[in-house]
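Each remark here refers to the structure printed beneath this line.
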Amino acid sequence: MEGVQIGVLRRDGRTDAFFDGTAADRLVIKRCAPCGLWFAPDQVACPGCGDEELEWAPAAGTATLVTWTVTHGRPADDGTAPPPAFLALVELAEGPWLHARLDGVDRAALREGLPLRAAFVHPGEGESYVLFRPAD
């Protein structure tokens, strides 16, 4: 599945720490130091205590599958169809939910609660990114 392209990802200034992490094969997410809550990378403030200085912190890289969908790409000019892409919503061990792509999955084995682990892709162009594979 790694051959399925998801587009070229670019950092936007707010995502530098996230993409620095993926480039080094590390998943980092946001954490509120005052109250200890964890958040997805796009969170800007803590709804619990109102802190607006969330820090980037390493995540375990393990997750469970919440839900998924299968997308089918447009056939190439020669009529060959690309393999389907599995897009998912996963719950990280720390609690936040994250949208990501699945890799190395058997469609018949997909189920809510499936244990997953983070893996990293380093494309020739754009930023490295995280995807999730079934845990061993």
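Within region 119-136, the set of residues being farther than 18 Å from Thr15 by Cα and not charged (D, E, K, R) comprises Ala119, Gly124, Phe132, Pro134, Ala135. Checked against (1) touching a residue at least 60 places away in the same chain (Cβ under 8 Å); (2) within 14 Å of the chain's Cα centre (by Cα), Val105 meets all criteria but (2). For region 7-37, taking the residues that are of a type in the set (A, V, I, L, M, F, W, C), surrounded by 15 or more Cβ atoms within 10 Å (Cβ to Cβ) and under 15 Å from the mean Cα position of the chain (by Cα), the one that is farthest from Leu92 (Cα to Cα) is identified as Leu9.
Readers should treat all values here as calculations from the given coordinates under stated rules, not as data from a laboratory. Just so we're clear, the structure is a prediction, and the values are computed from it rather than from any experiment. Backbone-built Cβ (ideal geometry, glycine too); neighbour counts: all protein chains shown.
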